[in-house]
Each structure stands twice: as C-alpha cells, then as structure tokens.
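**Q** Dropping a structure here in structure tokens format, bear with me for questions.
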Amino acid sequence: ILVGERMATIVTVVLAHVQLLLGLIIYMLRFKAIGKMAGLHQRFWKFEHIGTMVVAIVLITLGRVLAKRAKEERRKQLLVGVFFLLALVLILWAIPWPFTEIGHGREWL
C-alpha cells in the first residue's frame, strides 16, 4: 500500500475504533432506557445495531492487518477494498434510517 493509502487505512481504523468506544459508552449510559423499549426497537438496539457495528469494526481491523501482512501491492489493495466495503455495507445496514420501521418518525438530522 502506498504511503497515502497506508495513512488513510490507519486513520480509518483509528476513527472506527474511537466510534466504537463512543458507541459503547452511549450504550452503557442508555442501557436502562433501552430496557424500557418494546419488542422490535429493544431487539434492534440491544442486539442488532451493536452486534453489527462490532462486526463491522472487526472487518475494518482485519482488512488492515491482512493487507499489512500481504506481500503484493495488488493483494494489499484488494484486501483493504473488500474488507472495508463489507464493513461499510454492514454499517449502512445497521443505521436506523428514517425510511425503515425502526427509524420511522425520525428526522434526517
């Protein structure tokens, strides 16, 4: 991986881990409120959202580690691209968008 690309992957991994830590802190602070939610919302926030986000961060980290160990430049870029793309898809899936049942009634901002 070229210098600029390597720096971009490092920044991505660091920001992803910071985001995970912030999410876990918010989760711990709001745990009682989540327990009061009913059915679908409770399951989403307790299991689906947090589980999917953790898996996405693991994929980002794994992509960086495997790319670092790869010998060929093409293989490094392929690994980063595939793992980061999979993580992005999971992250976008786990967001409670306003047009989904979980996010219904929420504003965009």
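The values are calculated or read from the model by the stated rules, or taken from the named source; none is laboratory data. Please read all numbers here as calculations on a predicted model, not as lab measurements. Note that we place each Cβ from the backbone using ideal geometry, even for glycine, and neighbour counts take in every protein chain shown.
**Q** Provide a single number: the residues in the range 41-56 that are within 14 Å of the chain's Cα centre (by Cα) and surrounded by 20 or more Cβ atoms within 10 Å (Cβ to Cβ).
**A** Count: 2.
**Q** What's the number of the condition THR100 fails, among (1) within 19 Å of HIS17 (Cα to Cα); (2) of a type in the set (S, T, N, Q); (3) assigned to a loop (DSSP other than H, G, I, E, B)?
**A** Status for THR100: all satisfied but (1).
**Q** Any idea which residue in the range 18-61 is modelled with the lowest pLDDT, counting only those that are part of a helix (DSSP H, G or I) and among the small types (Gly, Ala, Ser)? Let's see the steps before the verdict.
**A** Initial filter on the range 18-61 (part of a helix (DSSP H, G or I)): 18-29, 31-35, 39-61.
Checking which are among the small types (Gly, Ala, Ser) leaves us with 23, 33, 35, 39, 51, 56.
Numbers: GLY23: 91, ALA33: 67, GLY35: 64, GLY39: 75, GLY51: 93, ALA56: 97.
Per the criteria, the residue is GLY35.
**Q** Taking the condition at pLDDT 85 or above, farther than 18 Å from GLY81 by Cα and within 19 Å of the chain's Cα centre (by Cα), does LEU15 pass?
**A** no
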